Each structure stands twice: as C-alpha cells, then as structure tokens.
Amino acid sequence: MACPERGITRLAPHMPGYHFRPERNWINDPVGFTKVDGRYHLFFQYNPLGPEPGVKHWGHAVSRDLVDWESLPIALSPTEGGPDEGGCWSGSITTLVEPAHLFYTGVRHDPRRGRIEVVCLALGDRDLQSWRKHPDVLIHGPPEELDTVGFRDPFIWRDGDAWCLLVGSGIRGIGGAVLLYRSEDLLSWRYDGVFFSVASMQSHHEMGAMWECPQLIPVGDRHVLLISIDNPVSPVLYVVGRVDGSGFGAERIGRLDLGPDFFAPTCFVDDDSRPLIIAWAPEGRSSDAQIAAGWAGVMTLPRALAHGPGSGLFTAPARELAMLRRMHWQGVGIALPNGVDVSMPLAGSRLEIAVRIRAGGASLVGLRFRMSPDGQEATVASVDIATGRLTFDRTASSLAPDSTPGVYGGVTEWVPGERFRLHLFVDESIVELFVDDTLALTGRIYPTRADSIGIAVFAVGGAAEIEAIDIWQLADAGIDPRPTDPT
Ligand code: DQQ
C-alpha cells in the first residue's frame, strides 16, 4: 500500500512513492475495481506470506481520490478443503445489486487432473470489507464440448436484463478465447458460446494459447474488450467493437501498452462516465532480488480511456494525479541541436515531465532520465518521427546484474505530427510514458546510484525544438499536505 502511515517518507530502495504497492510481500492483478459511497475500492491478488507468487488471497485498499490509498484487511482467503484451497484467483465484483457479488476463480490441485479452476461467489457487506462465501461452486469448469487449456478470471457485467460473465480461456490447438455465460439470478449460469476468440479476427499480433483477465468496458458508443495474453510478446490487447447478441463484433485491435511490464488491467466506469483502468506492473528483476527486497509488484497509475479522433484508443493518466505536483520548473523555446543532450535543471527520482516537441528536421526525439552525471546509468525513451515507433531502452538503466535489461516498444497506427507531446511519470523503479495521450508504455528500472536522477532531451538526424517543458517533483502519496483542488 502506498504509505498508509502519513509522515513516513523513507522508502526501501526502488520502492515507488506515489504508486500503489505493498510494503512487503507479493501483489499481482488488480481486481474488483469499483466505487461505493464516494470511495474507490481496489482489490488485488496478494500473497501475505512473502514476496513470491505463493497462494493467492484478495488484498483490499480504498481511496477517495485515486491517489492516496488506505490498506484494509484481506478480503478473501482460501478455505482449507474448499474449491479455492489452492488460491482465490482473479475475478470481479458487481455492486449493482445488494449485497455486492464477488465472482472469483477457485483453484485447487488434483493429483490426477492437475489444476482445477472453477467459478466461485462471495457476498459482501456495504463496505465491501467482509465477504461470505457461497457454499456452492457456481461453474464447475469449461463446457464439455470445448477442449480448453484454462478457465479463469470471471468478469461480471449487465447486458440489458441479463447478467453476463466472461471467462478467460483458450481452445487447444487454436488459441485464446473468451467464453460467455448468462444468468437471471446471478447463481445459476448457462454457457452461451464463445464471446470472442482468436478465430474472430485477422490480427498481426501474437495472440497466445490462453487469454487471462477478460474485461469489457463501454467507451463512448463502443465497447472495449481487454485481454491479457499468456505470452511475453504483446501481453495486453484492446479490441474495440460492439456487443452483438452473444458475441463481440470487433472493429479494431491494438496494444494497450507498449512496455514490458504491464499486465492484467482491470476496468470500471466512474460516476462521471469516465472509463478507468489500472494494471499490474510486475518486477523487472530476478526473483532473488525480489526476495531480498521483501516486496514485489506495483500497480500502474489509474488511466482514463477514450476514443481518439483516428482509429486509436486514448490512454491518459487520471487527472487526479495533478494533486501530487510540487516543485515545478518550466522551459519554453529550447533548441534541440542534432545529436546533443540538452540537460534539464530539475532532477529527481519521483517526477512528472510533460514536453511539447516540434520535430523540425529530426528523425528521432527522446528523453534520458534516471541518468547519472557520467551517463553510466540512464534510461532512454524515444519516438521515431517517420514511423511513430516508441522505444524504451533499459540496457543501461542499472548497474545491478539482477535487473532485466533490454530494448522494448513498438509501432502502432499513431505517427507523430509536426508537434507531439511526451508525458512521463518516473517513480523510483516504475516508469510510465504517454505519447499524445495515445500511446502508453510501462517499464520497471532499478538504478543503483543515488545520483541517477538527471534528465536530458535529445534529437537525432536533425534539429528539433522543445516548445514547452514542465517538470514537477511529485509528492509521495498519502504523505504530505497538498492543495485540496487539483490544478
Ligand atoms: N493471475 C491470476 C489468475 C490470472 C493471472 C492468479 C493473470 O487468475 O489468470 O494470480 O496474471
């Protein structure tokens, strides 16, 4: 949890200050993101026994503003001898009925059949704090007519008068699939076919054998289906389309985040109709390093979705984050000569940087950050002007041998115009970059040097210009007093 004890400012090495994360132990998928009586609730996969995956419980935290989070007791734990004795895996919550219904994946291990995954239910109190498990398993497994490779992560939604559940799955020899179930009473569920599968759409993306954590969210006049793919190449895809009877009519597909460390986003529509998502940013270091640190996993910043003017999906950091802004520096009209690093005067390891670039004659424009004065440690994010390819290079991010290096990124339909905007959040070991509020990229880095805090902007292949740059040092969430109104 991000600093529940206000006033504690000394953080363990690499521990983010304004991102939600555990003080200790392991977290992964956010689940059951919702709001009741003005409080956001975030549940998450949690191992209370250590910083390794372990046996999953549902952790719980609440927030009034999506910025400060207060940790609450564990919401759901496995029951010995029960269908979830091996873990309470991911699922979702509906608060459209009272009591709130929490659907989750019960996991247990059978010596002959291996892992058994079933859909379980728990009923909550008004505060969503105490949950009573329903005695019966709701769905005992995938339909017999399908030869599946997984069956988990029920996502509850309302389609007219009917309740619907999407379940993540994969069809052996074919690939990922989302299965649809319907119910009138939230208890008795009937299989209603494959809602969406790899066979439904031509795609140049690597689609994987199994899709996890399906999520469906209305965005404007369409729905967006999110799928987390069990492969390391393009882990989270969005599919824009329309719900069509018992299927999903897909119109376009794309990567929700181009970075290496973004998985299992969960979604929910806020009171003001704003579609919000939050995702898990896994560690980018060895499991030995995680165990030595005593904690693992961070939540991304909450992000708002919208349709872009072209074919893209807008992804922008939630506006509430502006309340974290502290010391500020602004520069305007700064020349970026070809091949020269232009250093910025405000440095730090917990920053927000917003830059408006005029590309001029450059072929590549980028930012270096968490950079030591001698350049020994530095992380680089850059945009290729001709193709729009976004690159995140963490080859030199850390001198530590147990942090994962590499070059990541990708190309989408977005290409920069003459002007474009880079919006970067750096929080110790997590980096989130937004480009024109359209591309997003999340990555984890582990600089070792205390002086790896510098920032530089650069252009290659010709001169460019910084039309305006704002740099803010950001407060830690839940630590110091801050203005009541976001600026
Ligand atoms: N994590 C959960 C599963 C889900 C996976 C287990 C995705 O339910 O499929 O913690 O990260």
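The values are calculated or read from the model by the stated rules, or taken from the named source; none is laboratory data. Since we're looking at a predicted model, the values are computed, not measured. Because the Cβ atoms are built from the backbone with ideal geometry, glycine has one as well, and the counts that use them run over all protein chains shown. Heads up: the accessible areas ignore ligands, DNA and RNA and are worked out on the full protein's heavy atoms, side chains in. Shrake-Rupley method; radii C 1.70, N 1.55, O 1.52, S 1.80 Å.
Structure notes:
- Only Lys, Arg (+1) and Asp, Glu (-1) charged, at Cβ; the chain dipole about Cα centre in debye: 460
- Nearest-10 value in Å² for the accessible area of SER92, using the 1.4 Å probe: 10
- Low-density loop positions, trypsin sites (Lys or Arg not before Pro), the range 7-67 - DSSP coil, at most 11 other Cβ in 10 Å: ARG10
- Carbon plus sulfur fraction of accessible area for the chain, probe 1.4 Å, in percent: 51
- Simple label model, 7 Å out from Cα along Cβ direction - ASP272 to ARG39, nm: 2.2
- Computed on the range 177-267, the Cα convex hull volume stands at 112 Å³ per residue.
- Charge dipole (Cα centre; +1 on Lys/Arg Cβ, -1 on Asp/Glu Cβ; no other charges) of the range 116-215 amounts to roughly 140 debye.
- Modelled this way, with points 7 Å down the Cα-to-C-beta line, the labels at ASP244 and LEU49 are 4.8 nm from one another.
- Think of the chain as a dipole: +1 on every Lys or Arg Cβ, -1 on every Asp or Glu Cβ, centred on the Cα centre; then among VAL340, VAL457, TRP26, VAL340 lies furthest on the positive end.
- Whole-Hz couplings from phi, Karplus 6.51/-1.76/1.60, listed for the range 369-378; x for Gly and Pro: 8, 6, 10, 6, x, 8, x, 4, 10, 6
- Per residue, the solvent-accessible area of the chain (1.4 Å probe, heavy atoms of protein chains only, all protein chains present) comes to 38 Å².
- D (Stokes-Einstein, µm²/s), Kirkwood Cα radius, the chain, 1.567 mPa s at 4 °C: 56
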